[in-house]
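The values are calculated or read from the model by the stated rules, or taken from the named source; none is laboratory data. The model shown is predicted, which means the values in this text are computed figures rather than measured ones. Don't worry about glycine lacking a Cβ; one is built from the backbone with ideal geometry, like all the others, and counts go over all protein chains shown. Each accessible area value is taken on the protein alone, full model and side chains, heavy atoms only, with ligands, DNA and RNA left out. Shrake-Rupley method; radii C 1.70, N 1.55, O 1.52, S 1.80 Å.
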Amino acid sequence: MTLNSNQKTEKKKRETFSTGLAVFFATLGSAVGLGNIWKFPYLTGNSGGGAFVFTYLICILLVGIPVMVAEFYIGRKTRKNAVGAFTALKASPFWKIIGYMGAAASLFIMFFYSSVAGWVYSYVFKALTGKFGALAKKPVEEAVKTAGEEFSLTVGGTYSPVLWQFIVIAVVSAILIAGVQKGIERVTKTLMPLLFLLIIICDIRAITLPKASQGLQFLFNVDFSKINAPVILTALGLAFFKLSLGMGTMITYGSYFTEESNLMTTSARVAVSDTIVSLLSGIAIFPVVFEFGMKPGGGPGLLFQTIPLAFSRMPLGNLLLIAFFLLAAIAATTAMISMLEVPIAILTEEKGMGRTNAVLLISSVVFIIGAVTVHPESIFGGVTLLGKGFFDLFDYISSNILLPVGGLLISVFAGYFVSKSELCKELSNNGIIKNKSLINIYHFVVKFVTPILLIIVFLSSIGIIKLK
Ligand code: PHE
């Protein structure tokens, strides 16, 4: 985040990103993360391939983009955190629930996200120490088995996954305390394109495999009969998770936007770029799955088994592997920073807590609860609640409940509690951008389409109406 130096020195005035490009990259830095390279492929694998991808794209268009624009509106208009923004808008105190639920969602996501990021960090280390070199020399079946065992070892140990999770949280906290926001912006600006490039190298590798077409067919062939209520709810949850929506992250980031930023085009650009990264990850992974006779529904280990397998069997494989996991680690780290910024901004701005204390408090909570719950061998590792282990439970409560409910409230707020002329003023930057008809379409979607779709999905997920 590059800060505008004039504004930095002016007392009390809030920081903003420096340029439109900085706004774009910082927002994309929040969106792109483990959601693209880990969660998107594994959920696609579990939920039937192309039908899931198709449903996901619809969710991005009809729910994701409209909610993102609404969050940007709330943030930039008020230049406040996710709770303070509603006070500034003179809304009834009820709406502050969006910020508080967002802070809760941030913690729930962090409990498991920091653990998966720990796996990624540990894979960087494993690749650096040449752990995957042996995969190249083994016959296919044995190599697949070894890759699977390596993943089980990573996830299942008593101490090492907790240690890696600790390292992840320590890194994120250190960056948040140091407030090296300038550094983060520079880092994301160079590394995002690099991550993109590496995924494309993975893609080239994947689509030149003999059985690539089976993988691509799995990913893109839409079998409409596979779309049912659980698939829609999962796709919707992923859309929120992916674009960091429904929990105030984009309200907080929107509050740092420049006056010139075009909220609608920024939102469309971020959503499209982020979706491209997810699809490219799918293209890198599914051909490998089919080539090596693995199962597309292999679950959370999919990324960690396919990528080492594919890379180990190509020239410069280990070097590419190191680079891939390093970039994935960085993408996960910048996403976590934006996630934690929500509760931290609330604690510092609303509760008057010092930044360092706020960071330490939040990260201790994340580490303590995360460490004793999400690892299979931890104290509560074997406990299930509502038929789910804690890892899945945290994921479910955040992605399938908190974020969509937050998104519903945000769209209802923007559609019914903000006057159309207010919305028009902010979305056109006081009439400078000539986008009146686009705003009309937007207003209709955020007022009728988005909330109604969300309500239908909710009602069907709790069994009140039946979609199919
Ligand atoms: N969008 C991030 C990802 O895909 C995760 C995230 C969710 C970040 C919510 C911030 C807020 O990995």
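Could you go through region 288-300 and let me know if any residue there is surrounded by fewer than 24 Cβ atoms within 10 Å (Cβ to Cβ) and within 16 Å of the ligand (Cβ to nearest atom).
Yes, the conditions are met somewhere in region 288-300.
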List the number of the failed condition for Thr27; all other conditions in (1) within 12 Å of the ligand (Cβ to nearest atom); (2) in contact with an Asp or Glu (Cβ under 8 Å, 6 or more places away or on another chain) hold. (2)
Restricting attention to region 274-287, which residues are away from the ligand (no atom under 14 Å from the Cβ) and β-branched (Val, Ile, Thr)? Ile283, Ile285
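Could you say which residue among Leu316, Leu302, Leu320 is free of Cβ contacts under 8 Å to residues at least 60 places away in the same chain and of a type outside the set (Lys, Arg)?
Going through Leu316, Leu302, Leu320 in turn, just one is free of Cβ contacts under 8 Å to residues at least 60 places away in the same chain and of a type outside the set (Lys, Arg): Leu316.
Show me the helices (runs of 4 or more DSSP H) entirely contained within region 31-132 in which 2 or more residues are within 16 Å of the ligand (Cβ to nearest atom) and either surrounded by 24 or more Cβ atoms within 10 Å (Cβ to Cβ) or modelled with pLDDT of 95 or more (or both).
40-46, 50-59, 65-78, 97-128
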Per the filter on region 298-316, residues assigned to a helix (DSSP H, G or I) and of a type in the set (Gly, Ala, Ser) are Gly299, Gly301, Ala310, Ser312
Note on region 243-254: residues more than 9 Å from the ligand (Cβ to nearest atom) and among the polar types (S, T, N, Q) are Thr252
State whether one or more residues within region 82-95 are small (Gly, Ala, Ser) and under 22 Å from the mean Cα position of the chain (by Cα). yes
Among the residues listed as Phe257, Phe240, the single one being more than 12 Å from the ligand (Cβ to nearest atom), surrounded by 20 or more Cβ atoms within 10 Å (Cβ to Cβ) and aromatic (Phe, Trp, Tyr): Phe257
If Leu316 satisfies all but one of (1) crowded, with 19+ Cβ neighbours inside 10 Å; (2) farther than 30 Å from Pro376 by Cβ; (3) not aromatic (Phe, Trp, Tyr), what's the number of the condition it fails? (1)
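Taking the residues in region 337-358 that are within 16 Å of the ligand (Cβ to nearest atom) and among the β-branched types (Val, Ile, Thr) as candidates, determine which candidate is farthest from Pro161 (Cα to Cα). Explain how you work it out, then say what you get.
Start the filter on region 337-358 by keeping residues that are within 16 Å of the ligand (Cβ to nearest atom), which leaves 337-346.
Remaining after also requiring among the β-branched types (Val, Ile, Thr): 337, 342, 344, 346.
Values: Ile337: 20, Val342: 26, Ile344: 26, Ile346: 30 Å.
My answer is Ile346.
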Select the helices (runs of 4 or more DSSP H) contained entirely in region 367-468, then report the ones holding at least 2 residues which are open to solvent by less than 30 Å² (accessible area, probe 1.4 Å) and within 30 Å of Leu153 (Cα to Cα). 390-395
Confirm whether Glu142 is loosely packed, with under 14 Cβ neighbours inside 10 Å and acidic (Asp, Glu). yes
Which of the residues spanning region 145-166 are open to solvent by less than 40 Å² (accessible area, probe 1.4 Å) and closer than 25 Å to Phe380 by Cα? Gly148, Glu150, Phe151, Thr154, Val155, Gly156, Gly157, Pro161, Val162, Gln165
Pair list, Cβ < 7 Å and 6+ apart or interchain, from region 429-456 residues that are within 20 Å of Gly75 (Cα to Cα) to residues that are loosely packed, with under 15 Cβ neighbours inside 10 Å and among the charged types (D, E, K, R): Asn429/Glu259; Asn429/Glu260; His443/Lys420
For region 16-29, name all the residues that are crowded, with 24+ Cβ neighbours inside 10 Å and not hydrophobic (A, V, I, L, M, F, W, C). Thr27, Gly29
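Looking at Ala229, Ala271, which one is touching a residue at least 24 places away in the same chain (Cβ under 8 Å), within 12 Å of the ligand (Cβ to nearest atom) and closer than 24 Å to Asp395 by Cα? Steps first, answer last, please.
Values: Ala229 fails: within 12 Å of the ligand (Cβ to nearest atom).
That would be Ala271, the only listed residue that is touching a residue at least 24 places away in the same chain (Cβ under 8 Å), within 12 Å of the ligand (Cβ to nearest atom) and closer than 24 Å to Asp395 by Cα.
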